[in-house]
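Where a number appears in this text, it was derived from the coordinates with a stated rule and is not lab data. Note that the structure is a prediction, hence the values are computed from the model and not measured. Virtual Cβ from ideal backbone geometry, glycine too; neighbours counted across all protein chains shown.
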Amino acid sequence: MTATTNEPPATPPLSRVAMYILLAIGPEERHGYAIMHEVRRITGGAVKLGPGAIYTTIKRLLGDGLIEESDERPDPELDDQRRRYYRLTALGRAVAATEVRRLDALVSSARPWALDIVSLPA
């Protein structure tokens with residue numbers, strides 16, 4: 001966070017995969033396989049991220065301080081202890097919110113003319 005505002009430091013736009021992962025984790029704590037399924041669910045099946053994309057991006061998000069491993073585990077009787085659970089950090093929530101606002105502004109500025117392009121014959 002910057003010293004004078006509640007905004008996160010200036011960051012380049014997140015990659016598509018990083019944004020999907022942050023959205024999939026949201027307010028929950030999720031393991032990699034659950035993140036894959038949540039991305040598929042929130043995109044109506046349009047986006048299917050494989051383990052390579054998920055875990056490479058998780059490693060980067062951990063390094064950037066946007067997510068962290070959770071020390072809390074579900075009931076061991078119901079879960080595999082080898083799973084690692086992830087949650088958003090305060091910085092991760094702020095960066096995700098900033099990215100949502102950026103994308104919303106982009107879509108809003110494109111809306112007046114973009115629908116005309118979509119309806120043009122190919």
> Please state the equivalent ellipsoid semi-axes for segment 16-96: what are the square roots of 5 times the Cα gyration tensor eigenvalues, largest first, in whole Å?
Replying inline: 18, 16, 11
> How do Tyr86, Tyr55 rank when sorted from fewest to most other Cβ atoms within 10 Å of their own Cβ?
Replying inline: Tyr55, Tyr86
>> Can you list residues from other chains, or at least 5 along the same chain, whose modelled amide H is less than 5 Å from the amide H of Tyr85?
In response: Ser70
